[in-house]
Amino acid sequence: MIADRIIEQGTLTTQDGRTAVEVRIPWYRALPGSCIAGAALTVDGVAAAEDSLRWTMNNRTFSFEELVDETGEWWFPLDSAVLSGDLPVRDGQVEHEVRVDLKLYIPYIITDHGVLHIEEHDTKTMKVAQR
Amino acid sequence: MTSLGTPIQGVTLYSFTRAFHARQYDLDGLIRKVAAEGFGPGLEVIGFSSLRGFPDRIDDTFVGQFRDLVAEVDLVPTSLAVNVDTGIRRDRLMNHDELVEYMRKQIEVAARLGFPIARVQISLTPDAMESLLPVAEKYGVTLALEVHADQHGAHERVLALRDRYEKLDSPLLGFTADWGATVTGFAPSLLEAYRRRGASEDLLRQVVELWDGFYAEGPPNNQKVHGERFGAFIGLAARNGRPDLGIDFGINGTGLFGPAPLDTWLEIMPWVRHVHGKFFGIDENGEEPSVPVRGLVRQLVENGYSGAISSEYEGWHWNNWQDPFEIIRGEQAVQRSAAANAGSAMITEASEARRILRSHLAQPVRG
């Protein structure tokens, strides 16, 4: 699919120990929150704590636990969502290696092993964006 | 004797997924591009891909703008591809009533936007299709269930649907024939993509041999055989030290390149209401090397098919080095040439396409 575009170049931000990056859907069609089954945010090899991760789309912010039942809010193919988590990152003119892992359910493909899920990841190098 | 068909040329915006996703074109811009390039007159759209807020938040303002634009650029809406998202909840699959309502909302949007066909998907059982028939009748929308690799026109699931259609005897229930079910070779452009990911020539030769073996054996008629073939691709990748490519080989080798013979379409031909002209690339000779486009168009023409063929380019998954618009131009030229060779022609003029589509389908859409 379109995994090479998951991380939007130049969108890494950090403030008071929380770090965020904009992400694009690696799939051709919109998916609801309930099908966004998990994500990991790693900067320079350090992963944000899982329970600190938050997902923002359509101006609403969710924990991944809240996304499980969210069938009303959808991630549209043209939109960036924001993945954020507790992760201190040094600001300034330093290049960081940013990695995002995503697990998505594909709700119309039901296999013998349940609803198909795909796991996609992307790694890009960038500085913290200047605000 | 059946008179020769006159298929309507068209395209699905799915072919341009990479350009749309990259924000090179918004929906309006892409529709204008399709019209300007002469890829129509038929226009197919995937609701969940192209329409923000589909299906719950499609307001009358958007509907009006969409219809005005399509009229302005003189395209003909053919099919709105809708999705059977049975697995949308994490705790269980949708129940029957939820499914019918989920599909109803999408079919209603198809009617409001002026699409006479809703493309539905294989997870709908004969019982589910029967339950959706009143919805189809309410909106005047034909439900054309997509027959797509790894299945095909003679697959047990498809035959069960056909038999129910025959019993229900409604012109609003039919099929979308996707050419990916009847492919004759592993797409060379995908082999090139694997080569660029460092796959050896020896491994690629084995991938082709494995697929050719399945082609010689014939298509899977049930899910068990399908699963075994998927596993064979994974095993091949692992034995060659590239386990990272195994699932990709399996998904593409079984899910995109269906090895069914062309004549399997004859099992369901009277119920084919729409066609996905699925293809993966055009070679240096201007031909599609792995989809028998010429044979498929001839078969449709000779069987009197006068619905739309949406050119559906799927090589975009892996081919990021060629222009999809140029590739579509090449494939549609092959289709037109094939229709002429079969003694007929593709319809490329919008008013004629509207007239022919109306007579091909049972009743006008009520949107």
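The values are calculated or read from the model by the stated rules, or taken from the named source; none is laboratory data. In this text the structure is predicted, and so the values were computed from the model without any measurement. Cβ placement follows ideal geometry from the backbone for every residue including glycine, while neighbour counts extend to all protein chains displayed. For the accessible areas, the whole protein counts, side chains as well, though only heavy atoms, and no ligand, DNA or RNA atoms are used. Shrake-Rupley method; radii C 1.70, N 1.55, O 1.52, S 1.80 Å.
In sequence order, the stretch B:143-156 has phi-based couplings of 9, 10, 6, 7, 9, 9, 4, 8, 9, 6, x, 10, 6, 4 Hz under the Karplus curve 6.51 cos²θ - 1.76 cosθ + 1.60, θ = phi - 60°, and Gly or Pro positions carry x.
Of the chymotrypsin sites (Phe, Trp or Tyr not before Pro) in the stretch B:249-350, the ones in a loop by DSSP (not H, G, I, E or B) with at most 12 other beta carbons within 10 Å are B:Trp321.
Does the stretch B:195-294 come out rounded, prolate or oblate, given a ≥ b ≥ c as the square roots of the eigenvalues of its C-alpha gyration tensor, rounded meaning a/c under 1.5 and, failing that, prolate meaning a/b above b/c? Cα axes put the stretch B:195-294 in the oblate bin.
Of the residues in the stretch A:95-131, those shielded by at least 20 Å² of accessible area once partner protein chains are present, compared with the chain alone at a 1.4 Å probe, are A:Tyr105, A:Pro107, A:Tyr108, A:Ile110, A:Asp112, A:Val115.
With the full set of protein chains in place, find how many percent of the accessible area of chain A is carbon and sulfur; take the probe as 1.4 Å. Intermediate results must be reported in sequence, preceding the final value.
Values: 2690 of 5990 Å².
Roughly 45 percent of what the probe reaches on chain A is carbon or sulfur.
Surface burial for B against A, with a 1.4 Å probe and both sides summed, reaches about 2500 Å² of accessible area. Annotation: per residue accessible area for the stretch B:49-157 equals 36 Å², rounded to a whole number [probe 1.4 Å, protein chains only]. Helical content of chain A, expressed as a calculated mean residue ellipticity at 222 nm, amounts to -500 deg cm²/dmol (DSSP H runs of 4 or more residues, -39,500 (n - 2.57) each, divided by residue number, nearest 500). Here the calculated FRET efficiency for B:Arg90 and A:Thr111, from their Cβ-Cβ distance with R0 = 22 Å, stands at 0.90, rounded to the nearest 0.05. In this structure the amide hydrogen of A:Trp75, modeled in the peptide plane, comes within under 5 Å of the amide hydrogens of A:Leu31, A:Gly33, none closer than 5 places in sequence on its chain.
Look at the Cα gyration tensor of the protein assembly as shown: its axes a ≥ b ≥ c give a/c of at least 1.5 with a/b over b/c, and that counts as prolate.
Amide H contacts for B:Val76 (H built 1.01 Å from N in the peptide plane; partners 5 or more residues away or on another chain; cut-off under 5 Å): B:Gly42, B:Leu43.
Sequence-ordered 3J(HN,Hα) estimates for the stretch B:106-120 from the Karplus curve with 6.51, -1.76 and 1.60 and θ = phi - 60° stand at 6, 5, 4, 5, 4, 5, 4, 7, x, 8, x, 10, 10, 6, 10 Hz, glycine and proline given as x.
Split the accessible area of the stretch B:210-303 by element, probe 1.4 Å, and carbon with sulfur accounts for 55%.
Suppose R0 equals 22 Å; then what is the FRET efficiency for A:Thr123 and A:Glu50 from their Cβ-Cβ distance, rounded to the nearest 0.05? Before the final figure, lay out each step's value.
Numbers: r = 19 Å, r/R0 = 0.86.
Calculated transfer efficiency: 0.70.
In this structure the stretch B:217-326 gives 38 Å² per residue of accessible area when probed at 1.4 Å with all protein chains present. Using a probe of 1.4 angstrom and keeping all protein chains present, the accessible surface of chain A works out to 46 square angstrom per residue. If you sort the three axes of the alpha carbon gyration tensor as a ≥ b ≥ c, you get a/c under 1.5 for chain B, which makes it rounded.
Residue by residue through B:41-50, how many Cβ atoms from other chains fall within 10 Å of the Cβ on average? Don't jump to the answer; show the numbers that get you there.
Details: counts 0, 0, 0, 0, 0, 4, 2, 11, 7, 6.
That average works out to 3.
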